[in-house]
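*Asks:* Mind looking over this structure? Questions follow.
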Amino acid sequence: MDEIERGMEETEQQLRHYRPVGPPPELRSRVVGGARPPRTSLWMWLPTSALAAAALILMIVSANARRGLAAEFAPPAENREAVANAVAAELGGDPAVRALVARLIELDEREGTFDQDTAARPEGSRHE
Amino acid sequence: MTPRRGDEGSAAWLGALYDQHAGRLYRYAVMILADTAGAGDAVHQVFLAIARKPDGHVRSDERYLRRAVRNECYSALRRRKRETGVDDTAFLETVAATDERPDERLALESAIRTLPAEQREVLHLKAFEGFTFQEIADQLGESINTVASRYRYAIGKLRQHLGAKET
């Protein structure tokens, strides 16, 4: 072993008596106390929230479209009158019946199920 | 065994992870930086980054943590070049409490502070942690020759510095 190597060995020996200091106790509370809850929960809810928002938008759009279509295809008032009179006449022509038929047609129109052709036909010819 | 983040909550999980790794990571950072306050900041940053990651994206193995601390330390050193004032708090302690030699410790600390960070790092991994040159080379992504020569330069400079102090 030459002198340089011996010197290095001595320095290494000297180093072995020491080690770097460990973390101060307050670092643990700084680390653990300073940790915020993970963002996992937020990310986890993201797809669900996106789906719910999409469904809501779709519902609003389809409701608007339905309302628009119903308004566009609503039977004119004079047809409604004629149909109401025809049906009321079939049921005896009583004014109370006439009023009830008119109310039913109105409700039917709101639901979008009113079919002028079928309603105006005589009773016997409706079921083919 | 590596602690797992579970129902007990993030803080308990982080506490267990800290207890398992912080000692070694802090000592590693102390030697790269030759600065205890900076080492505390580096370790704190690494654990904070882990705590903020969502489940499934957390890597908490020793190798990853070491690399993260190392990156923090070298970033801190780059910032430090623009700043003034370095912590001169004692960063070495005797392995055996009865072996206290304050003058020698001070001389060693002062000598270690004069080394470049890369040499301090290799000195730490070899002399204090007992890794082989091959293991250090793998960890740092350097050749074994580079690692070995950094170590020899470090020991040589320490010897010179300590010898000069003694004479």
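*Asks:* Could you tell me which residue of the range A:29-80 is modelled with the lowest pLDDT, considering only residues that are among the polar types (S, T, N, Q) and within 30 Å of B:D19 (Cα to Cα)?
*Replies:* The extreme case among them is A:T40.
*Asks:* If you don't mind, there's one more thing I want to ask. Looking at (1) at pLDDT below 85; (2) surrounded by 12 or more Cβ atoms within 10 Å (Cβ to Cβ); (3) β-branched (V, I, T), which is the one condition that is false for A:T113?
*Replies:* For A:T113, the failing item is (2).
*Asks:* Quick check on this structure: which one of B:Q160, B:Q119 is at negative phi, over 17 Å from the mean Cα position of the chain (by Cα), without any contact (Cβ under 8 Å) to a residue 40 or more places away in the chain and not in a loop (DSSP other than H, G, I, E, B)?
*Replies:* On inspection, the qualifying residue turns out to be B:Q160.
*Asks:* Still on this structure: In the range B:124-143, is there at least one residue being more than 17 Å from the chain's Cα centre (by Cα) and closer than 19 Å to B:Y28 by Cβ?
*Replies:* Checked the range B:124-143: at least one residue is more than 17 Å from the chain's Cα centre (by Cα) and closer than 19 Å to B:Y28 by Cβ.
*Asks:* Select, from B:R66, B:R27, the only residue that is within 13 Å of the chain's Cα centre (by Cα), at the interface with chain A (Cβ under 8 Å from one of its Cβ atoms) and at pLDDT 85 or above. Spell out the reasoning first.
*Replies:* Values: B:R66 fails: at the interface with chain A (Cβ under 8 Å from one of its Cβ atoms).
Checking each option against the conditions leaves just B:R27.
*Asks:* Only one of (1) at pLDDT 80 or above; (2) touching a Lys or Arg at 6+ places or on another chain (Cβ under 9 Å); (3) away from chain B (no Cβ under 14 Å) is not met by A:G22, so which one is it?
*Replies:* Going through the list (1) at pLDDT 80 or above; (2) touching a Lys or Arg at 6+ places or on another chain (Cβ under 9 Å); (3) away from chain B (no Cβ under 14 Å), A:G22 breaks only (3).
*Asks:* Here's a follow-up. What are the residues in the range B:1-19 that are more than 9 Å from chain A (Cβ to nearest Cβ), within 20 Å of A:L27 (Cβ to Cβ) and modelled with pLDDT under 75, if any?
*Replies:* The answer is B:P3, and nothing else.
The values are calculated or read from the model by the stated rules, or taken from the named source; none is laboratory data. Being a predicted model, the structure only gives us computed values, none of them experimental. All Cβ positions, glycine included, derive from the backbone under ideal geometry; neighbour counts span all protein chains shown.
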